[in-house]
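*Asks:* What follows is a single structure, and I will ask about it in a moment.
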Amino acid sequence: MTVPDLSPEEQMAQLRPKEPIGPRVTRWIVTIVVIVPFIWAVIGLEISPEKLWRAPAEIWVLLTGMFPPDFEDSGRIMAKLLESIYIAWIGTMMGAVFSFPLSFMAATNVAPRWMAIPTRAALSAIRAFPELILAIILIVPFGLGPFTGALAIGLHSIGTLGKLSSEVIEGVDEGPIEAISSAGGTLMEQMRFGIVPQAMPTIVSYWLYRFEINIRASAVLGLVGAGGIGAEIVGRLSFRADWPKAGAALLATIAVVLIVDAVSSSIRRRIITGQPSTSMLSKGMIAITGASRPPSTELET
Amino acid sequence: MTLLAPETQTRPVEPPRAATYLLPLFVGIAATGLIGFSGPIGPIWGTLVGLVTFGVFAWAGVTRHWIDAIILVVGGILGLSFFNGVIAARTGPIDFKLALLAAVGWAVYGAATGFVVYRHRLEYRPSIIGLQALSWGGGATIALFTATAMGVLAPLNARQISAGEIQELTIGLFVVTSLAAAAIGLGANLSFATKLISLFAGGVVLVLTVMAYNEIQFSTAAIATQLGRIGEIADDFWPPVWKWPKSLGQPDTFNIVRPFIETFQIAIVGATIGNILALPLAFYASRMTAPSNVAYRIAKGILNVVRTIPDLVWGIFFATAVGFGNPFAGALAMIMFSMSIMAKLLSETVDAIDIGPLEAGRASGASHSEVIQYAAFPQVRPNYVAYALYIFELNIRASVVIGFVGAGGIGRLLNERRNFFQWDQVMAIVIVIFVSVLLIEWLSIWARRKLV
């Protein structure tokens, strides 16, 4: 290596790092960037101190109206919750089935550029429509009902799952793929035996994660008439006498979402690490089933 | 671990040929099935289900012992007779409570199958019997509930009940319930017996999909027809109309601008306050920096519940509380939304920080808040900034739709135009939302790349 011919000043300039902008200046800039839009927004929304003062009391009135909840027609609530779960399930299945091939088409290490770039663009375009907006558009051809909700959630899931899965595929170790191609494997075989075994656990855990999100999304789709528990909550909140029933629907929704989350996240951890998680739930499961030993330890020498 | 000496490795005993015991079994099943269409429904179907399960167990190599066959058949007769009795004695439509009660019968049968697995797989604890009962009972509950929805057993209305029109049990109901209960329950049996968890997973996935498919009346035919008349549908939406009169008799104006700005304002207020509120919560919700175990549990619990409630439900809640159509409600909802996500992300980051500075701070006598301020927060500051940007992006997306529930912003306008069936105006709003969501996403990616 040769040292370039530089004047002492230039050498000094290279050796000494640039002085940082004073932290005080940065702090001021950040403060202005945050505070000014905030004040603009507060003024724009007409949030007055009086409104802020009144809000807790109003929320308290609603809370005392909703609780204690009234579980009188719990059958209907359960039916609607089940419908929400079904919508989320079909949506997730649609998303998983269709996003799987698309994610290979969008991954730059598998697909050629001319295919990957448009696929990516299409996926991010799908993703830009929130589920609710997809639902109100889809209601026009498909009518009110859970079918429309499932389609809306499915479409949105294709966009998100496609993106996440293609990132997983791009992140796999290239070694096995090279080995297969040098042994004469076709592109199909490279994908099947080089990529799928590496990427599949993460992709499946993304599917489960999407199911958790979709449960939440399908819980609100009822707002626009696309099925599920949402309509129950909204409809009952509009009449004061029905508030206890709305409270029951809300509590049931929270319970179902928490249960699905707990089950799904313990399965996800099991898929990713190959071992039961350390959470309360899976410890309970192990205590019940008694299956505790991971099978792989026997092979160690 | 040492390998076994070659001479001690013995050849496994060859299993007997399948046909020798499967043939009589299938003949028995077929005969019972034929009688089942005329005879007493509970015991006959109980025998049938017991024999089928025994057949599957024999095929999977769990058991071939005649005692197990008797256990299964007796369990089946008891369980299904109970199930039949509950359903036949009902005085109203099949609701969730009745379905649960009837599923107790299936749970009894599940316990019998669990007992058989427990007899032959010594490594399991007796609790496997309870788990098996749960999976059969759970499968039956869902099945019964869906069977009513599918029309196998149509729900009765009040008039029919008062007139005494209780429906007879149908073979169809039994078939559907048994199949669904069996897919989940038998799947669990087999995956316990053979330790192949994928069998159980496959069963659950299959049953859920089939049921959901029926329940929500999924129809590929409808998709095909509607795709065929896509031109007609597009006529409603296209071309988008950007200007319309605010009320009758007034000139056309751009009415999108004001709600659009309002959406941004909701997102800004929500993200700012939510991010600030999340800071203390995040430090309480991490084991690393929580002052006590109780505080940690409480903070974690609050976060879990807040995160469980979808943003739109928060929107409805606050809109009901502070008034419909009030953007203030939207801002409140966005505060809860941002706070829960930020606190979760940040607390997970705090879990992974270097403990050294914290210990140094404590050792030199710093108070708890000083430790957090000078030792913990500086370690996560870059993450905090990156998360804040991400949450702002999420907030824009979420505040677009929050107006649907009467919480202000562009969603309210969208809902209003939709209620007037002005699809071309809806299209214009959708385009605005689409473009702004894309722009915000790109901006946010660009900014994060610059910062991190």
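The values are calculated or read from the model by the stated rules, or taken from the named source; none is laboratory data. Predicted model only: the values in this text are computed from it and were never measured. Every residue, glycine among them, receives a Cβ derived from its backbone with ideal geometry; neighbour counts consider all protein chains shown.
*Asks:* I'm checking my understanding of the structure. Among residues of the stretch B:202-211 that are in contact with a helix residue (DSSP H, G or I) (Cβ under 8 Å, 6 or more places away or on another chain) and at the interface with another protein chain (Cβ under 9 Å from one of its Cβ atoms), which one is modelled with the lowest pLDDT?
*Replies:* My answer is B:Met211.
*Asks:* Further question: Which residue pairs have Cβ atoms under 7 Å apart, sit 6 or more places apart or on different chains, and have a first residue in the stretch A:97-119 that is closer than 17 Å to A:Thr202 by Cβ and a second that is acidic (Asp, Glu)?
*Replies:* A:Ala107/A:Glu170; A:Asn109/A:Glu170
*Asks:* Okay, next question. List pairs: first residue in the stretch B:430-443 and more than 10 Å from chain A (Cβ to nearest Cβ), second residue of a type in the set (A, V, I, L, M) and in a helix (DSSP H, G or I) anywhere in the structure, Cβ distance under 8 angstrom, at least six positions apart or on different chains.
*Replies:* That search, which allows pairs on different chains as well, returns B:Val432/B:Ile410.
*Asks:* Say we look at the stretch B:394-424 and pick out the residues that are more than 10 Å from chain A (Cβ to nearest Cβ) and modelled with pLDDT of 85 or more; which of these is farthest from B:Thr253 (Cα to Cα)?
*Replies:* B:Leu394
*Asks:* Inside the stretch B:15-59, can you point out the residues that are of a type in the set (A, V, I, L, M), over 25 Å from B:Phe82 (Cβ atoms) and modelled with pLDDT of 75 or more?
*Replies:* Correct list: B:Ala58 only.
*Asks:* Could you run through the stretch A:178-194 and say how many residues are at pLDDT 90 or above and aliphatic (A, V, I, L, M)?
*Replies:* 3
*Asks:* Would a scan of the stretch A:161-174 turn up a residue that is within 12 Å of another protein chain (Cβ to nearest Cβ) and over 26 Å from A:Met188 (Cβ atoms)?
*Replies:* Within the stretch A:161-174, the first condition is being within 12 Å of another protein chain (Cβ to nearest Cβ), and the residues that meet it are A:163.
Then drop every residue that is not over 26 Å from A:Met188 (Cβ atoms), which leaves none.
No, because not a single residue in the stretch A:161-174 is within 12 Å of another protein chain (Cβ to nearest Cβ) and over 26 Å from A:Met188 (Cβ atoms).
*Asks:* Continuing with this model, one more query. Given the condition out of contact with any strand residue (DSSP E or B) (no Cβ under 9 Å at 6 or more places or on another chain), outside any helix (DSSP H, G or I) and either modelled with pLDDT of 55 or more or not aromatic (Phe, Trp, Tyr) (or both), answer yes or no: does some residue in the stretch A:251-272 qualify?
*Replies:* For the stretch A:251-272, residues out of contact with any strand residue (DSSP E or B) (no Cβ under 9 Å at 6 or more places or on another chain), outside any helix (DSSP H, G or I) and either modelled with pLDDT of 55 or more or not aromatic (Phe, Trp, Tyr) (or both): absent.
*Asks:* Based on what the data block shows, is B:Gly330 outside any helix (DSSP H, G or I), closer than 24 Å to A:Arg240 by Cβ and not aromatic (Phe, Trp, Tyr)?
*Replies:* So B:Gly330 does not fit the description; no.
*Asks:* Pairs only if they're at least six apart or on different chains, beta carbon under 7 angstrom, first in the stretch B:212-233 and within 7 Å of chain A (Cβ to nearest Cβ), second hydroxyl-bearing (Ser, Thr, Tyr) and surrounded by 14 or more Cβ atoms within 10 Å (Cβ to Cβ); list them, first residue then second.
*Replies:* Partner pairs satisfying both residue conditions: B:Ala212/A:Tyr86; B:Glu215/A:Tyr86; B:Glu215/B:Thr146; B:Ile216/A:Tyr86.
*Asks:* For the stretch A:40-157, give me every one of the helices (runs of 4 or more DSSP H) that falls completely inside it and has 2 or more residues that are buried (at least 22 other Cβ atoms within 10 Å of the Cβ) and more than 8 Å from chain B (Cβ to nearest Cβ).
*Replies:* A:74-106, A:131-142
*Asks:* Right, here's the next one. Please go through the stretch B:357-399 and give me each residue that is touching a residue at least 24 places away in the same chain (Cβ under 8 Å) and not in a helix (DSSP H, G or I), ordered by number.
*Replies:* Passing the criteria: none in range.
*Asks:* Any residue in the stretch B:300-323 that is part of a helix (DSSP H, G or I), of a type outside the set (Lys, Arg) and either more than 23 Å from A:Gly230 (Cα to Cα) or touching a Pro at 6+ places or on another chain (Cβ under 6 Å) (or both)?
*Replies:* yes
*Asks:* I'm trying to understand the selection: among the residues of the stretch B:305-325, which are facing another protein chain (nearest Cβ under 7 Å) and closer than 24 Å to A:Ser264 by Cβ?
*Replies:* Residues satisfying the conditions are B:Val305, B:Thr308, B:Ile309, B:Pro310, B:Leu312, B:Val313.
*Asks:* Test B:Phe377 against the criterion of being over 21 Å from B:Leu332 (Cα atoms) and more than 10 Å from chain A (Cβ to nearest Cβ), and give yes or no.
*Replies:* Yes; evaluated as a whole, the condition is true for this residue.
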